[in-house]
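K.L.:
Structure in structure tokens, see below.
Please treat every number below as a calculation from the coordinates, not as lab data. This structure is a prediction, so every number in the text was calculated from the model and none was measured. With ideal geometry, Cβ positions are generated from the backbone for all residues, glycine too; neighbour counts draw on all protein chains shown.
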């Protein structure tokens with residue numbers, strides 16, 4: 001792996017709150033174009049990790065390096081990243097286009113290219129017809145598509161996705177999940193995807209970073225051995241899912257293997 | 001009888017909003033008020049004028065240039081104090097809502113200011129600045145600002161902090177985040193504060209004029225009271241109250257509709 005391939009490098013990362021550790025020690029790298037899922041039990045420090053990776057919260061210890069620039073140094077550059085939240089977090093008083101323009105206005109993207117860029121991204125997400133709609137008029141799935149469009153729009157070094165499908169109904173989640181891999185491949189986006197669903201992680205990711213219970217460390221860097229395109233109901237997905245459940249049963253202290261999986265439609 | 005206890009068949013016949021809602025309700029309310037007013041006028045004659053006498057006096061007032069001069073003066077005072085108190089109150093409210101340091105400084109002052117009866121401000125302003133325009137302007141602004149600050153502060157505290165995070169992650173400059181992300185969230189509270197500020201401003205303006213100004217609607221009402229011309233007191237007050245209500249509902253209502261149009 002060359003250094004230019006590495007988009008995100010996390011070295012000896014630790015986060016504590018008032019002396020109580022939330023993240024014990026994290027070391028990992030993510031390459032350009034990779035789709036990496038983060039899987040961890042509740043309370044393992046995923047939110048703290050996302051906050052440090054998004055530039056919102058300096059870690060107690062360690063380094064976060066984005067495209068060769070270290071974050072949280074006095075003169076470090078702001079990272080250019082996208083974020084897809086669990087809830088869409090669109091501004092309801094701005095139309096879809098206005099929401100996207102606001103994010104572009106804070107980026108280095110030249111103004112004369114905004115219109116074309118917005119059109120292109122909305123086309124990729126299949127929501128061009130909602131360009132001038134208020135977010136309130138959209139369904140949950142459509143809003144989350146706009147949220148993904150917003151993240152892709154700024155040409156980010158990487159996109160953080162915090163359980164973006166967990167609030168959607170299963171049918172919508174399936175449809176968006178299916179499209180997400182295609183969108184990421186088409187745009188070359190690097191994605192860090194946090195989820196509670198093992199099957200979702202197996203279906204979407206190239207690699208899965210499995211965390212221990214909090215204060216977390218990486219229990220396993222799991223490479224998903226299934227080529228793309230994948231089928232969510234494929235037996236191999238289920239086999240890998242079962243394999244991961246077997247591996248985490250003891251470190252996560254699970255009684256029943258199915259407890260971490262959402263029932264599929 | 002509450003809506004819950006009404007039989008289902010009757011509930012279906014009621015207009016939205018419950019019994020007496022809509023135009024029939026308004027007619028009944030106005031009719032009842034006129035009847036009570038007339039009875040009061042008979043019982044406490046001559047201190048309460050009859051509705052008919054008051055209507056004649058209202059018509060006379062509307063044709064009087066002196067009345068309109070007073071009206072314009074009072075309106076200017078109300079609008080001036082309203083604008084300053086709303087802007088200052090909103091600014092302080094946002095500051096307190098966003099900054100713990102600012103809250104530590106302003107909160108005790110705010111609590112004290114809210115506890116002071118409004119006439120106290122008026123008396124002290126007259127003592128400090130005399131009976132000119134400044135006293136009224138200062139008294140109104142100082143009395144209204146804390147209420148606006150309090151309403152806006154609560155709204156800032158109750159904002160969606162998820163949107164703050166979104167703004168930080170997408171590196172929105174502070175001014176852009178304030179304008180496009182925070183202020184729109186505060187619009188309902190700002191409108192409530194503006195309505196409250198306007199209502200308080202015109203009521204206090206009349207009191208300020210009655211106590212310490214030689215002109216304006218308040219002074220006119222006080223002069224009529226001094227001469228025991230109760231028809232003039234009632235007529236002037238009614239015209240002014242109706243005008244202020246129309247202004248509030250008309251202008252602020254339109255602003256509200258425009259700013260909250262996205263709600264559909």
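K.L.:
If you build a Gaussian network model of chain A, linking Cα atoms that sit under 10 Å apart, which residue out of A:215, A:251, A:164 swings the most?
P.N.:
Looking only at A:215, A:251, A:164, the biggest GNM fluctuation is shown by A:251.
K.L.:
Cα convex hull of the protein assembly as shown: how many Å³ per residue?
P.N.:
Expressed per residue, the convex hull around the Cα atoms of the protein assembly as shown is 240 Å³.
K.L.:
Between B:119, B:65, B:146, which gets the highest mean-square fluctuation from a Gaussian network model of chain B, Cα cutoff 10 Å?
P.N.:
B:65
K.L.:
Can you tell me how much longer the chain between residue A:235 and residue A:31 gets when fully stretched, taken as 0.36 nm per residue apart minus their C-alpha distance, in nm with one decimal?
P.N.:
Working it through step by step, the gained length comes to 70.6 nm.
K.L.:
On to the next question. Could you tell me which of rounded, prolate or oblate describes segment A:28-88, using a ≥ b ≥ c as the square roots of the eigenvalues of the alpha-carbon gyration tensor, with rounded for a/c under 1.5 and, failing that, prolate when a/b is larger than b/c and oblate otherwise? List each step's numbers first, then the result.
P.N.:
Numbers: a/c = 1.56, a/b = 1.33, b/c = 1.17.
Because a/c hits 1.5 or more and a/b exceeds b/c, segment A:28-88 counts as prolate.
K.L.:
If a/c stays under 1.5 just call it rounded; otherwise compare a/b with b/c (prolate if a/b is bigger, oblate if not). Do that for chain A, with a ≥ b ≥ c from the square roots of the Cα gyration tensor eigenvalues.
P.N.:
Since a/c reaches 1.5 but b/c is at least a/b, the shape of chain A is classed as oblate.
K.L.:
What whole number of Å gives the distance from the Cα centroid of segment B:128-191 to the Cα centroid of segment A:40-71?
P.N.:
Value for the Cα centre distance between the two parts: 34 Å.
K.L.:
Now a separate question. In whole Å, what are the extents of segment A:84-156 along the principal axes defined by its C-alpha atoms, from largest to smallest?
P.N.:
Over segment A:84-156, Cα extents along the principal axes are 31, 22, 21 Å.
K.L.:
What three numbers, in Å, describe the spread of the alpha carbons of chain B along their principal axes, ordered from the longest?
P.N.:
If we take the Cα atoms of chain B, the spans are 70, 65, 32 Å.
K.L.:
Which of A:233, A:67, A:12 moves the most in a Gaussian network model of chain A with Cα springs under 10 Å?
P.N.:
Maximum among the listed residues: A:233.
K.L.:
Now for a separate question. How large is the helix-only mean residue ellipticity at 222 nm for chain A, computed as the sum of -39500 (n - 2.57) over DSSP H runs with n ≥ 4, divided by its residue count, in deg cm²/dmol to the nearest 500?
P.N.:
One gets -10000 deg cm²/dmol as the mean residue ellipticity at 222 nm.
K.L.:
Please give the peptides B:203-210, A:53-60, A:105-112 ranked by average Cβ packing (other Cβ atoms within 10 Å per residue), highest first, as a rough proxy for protection.
P.N.:
Descending mean neighbour count gives B:203-210, A:53-60, A:105-112.
K.L.:
Provide a whole-number value for the mean count of partner chain Cβ atoms within 10 Å of the Cβ atoms in peptide A:85-94.
P.N.:
Values: counts 4, 1, 2, 2, 9, 2, 9, 6, 11, 4.
Partner Cβ neighbours, averaged per residue: 5.
K.L.:
Moving to a separate point now. Using a 10 Å cut-off around each Cβ of peptide A:101-108, what is the average number of partner chain Cβ atoms that fall inside?
P.N.:
4
K.L.:
Order of B:240, B:147 from fewest to most other C-beta atoms within 10 Å?
P.N.:
Listing B:240, B:147 from fewest to most nearby Cβ atoms yields B:147, B:240.
K.L.:
Please compute the modelled spin-label separation between residue A:250 and residue B:30, points set 7 Å along Cα→Cβ, answer in nm with one decimal.
P.N.:
About 8.4 nm, to one decimal.
K.L.:
Could you work out [θ]222 nm for chain B from helices alone, using -39500 (n - 2.57) per DSSP H run of at least four and dividing by all its residues? Round to the nearest 500 deg cm²/dmol. Before the final figure, lay out each step's value.
P.N.:
Working: 12 runs with 200 residues, N = 264.
Computed ellipticity for chain B at 222 nm equals -25500 deg cm²/dmol.
K.L.:
Just how far, in whole angstrom, is segment B:31-45 from segment A:72-132 if you go by their alpha carbon centroids?
P.N.:
64
K.L.:
What ranking of A:38, B:94 emerges when the number of other C-beta atoms within 10 Å of each C-beta is taken as an exposure proxy, fewest first?
P.N.:
B:94, A:38
K.L.:
Next up: Shape call for segment A:27-177 from the C-alpha gyration tensor, a ≥ b ≥ c root eigenvalues: rounded (a/c under 1.5), prolate (a/b greater than b/c) or oblate?
P.N.:
Oblate is the answer for segment A:27-177, as a/c is 1.5 or above yet b/c matches or exceeds a/b.
K.L.:
Considering every residue in B:177-187, what mean count of other chain Cβ atoms within 10 Å of its Cβ is obtained?
P.N.:
2
K.L.:
Now for a separate question. Rank the residues A:28, A:193 as a footprinting-exposure proxy: fewest other Cβ atoms within 10 Å of their Cβ go first.
P.N.:
A:28, A:193
K.L.:
7 Å from Cα along Cα→Cβ at both residue A:227 and residue B:129: what's the point-to-point distance in nm?
P.N.:
Distance between the two pseudo-spin positions: 8.3 nm.
K.L.:
How high is the relative contact order of chain A, given as a whole-number percent (alpha carbon pairs under 8 Å, six or more residues apart)?
P.N.:
RCO, chain A: 25 percent.
K.L.:
Run the numbers on segment A:1-131 and let me know its relative contact order in percent, using alpha-carbon pairs under 8 Å that are six or more apart.
P.N.:
Relative contact order of segment A:1-131: 20 percent.
K.L.:
While we're here: Distance between the C-alpha centers of segment B:50-84 and segment A:154-198? Whole Å please.
P.N.:
64
K.L.:
Let me ask something else. FRET efficiency for residue B:251 and residue B:23, Cβ-Cβ distance as r, R0 = 30 Å, nearest 0.05?
P.N.:
The computed FRET efficiency comes out at 0.80.
K.L.:
I would also like to ask the following. Run the quick spin-label model on residue B:260 and residue B:55: label points 7 Å from Cα toward the beta carbon, then report their separation in nm to one decimal.
P.N.:
The modelled label-to-label distance comes out at 3.6 nm.
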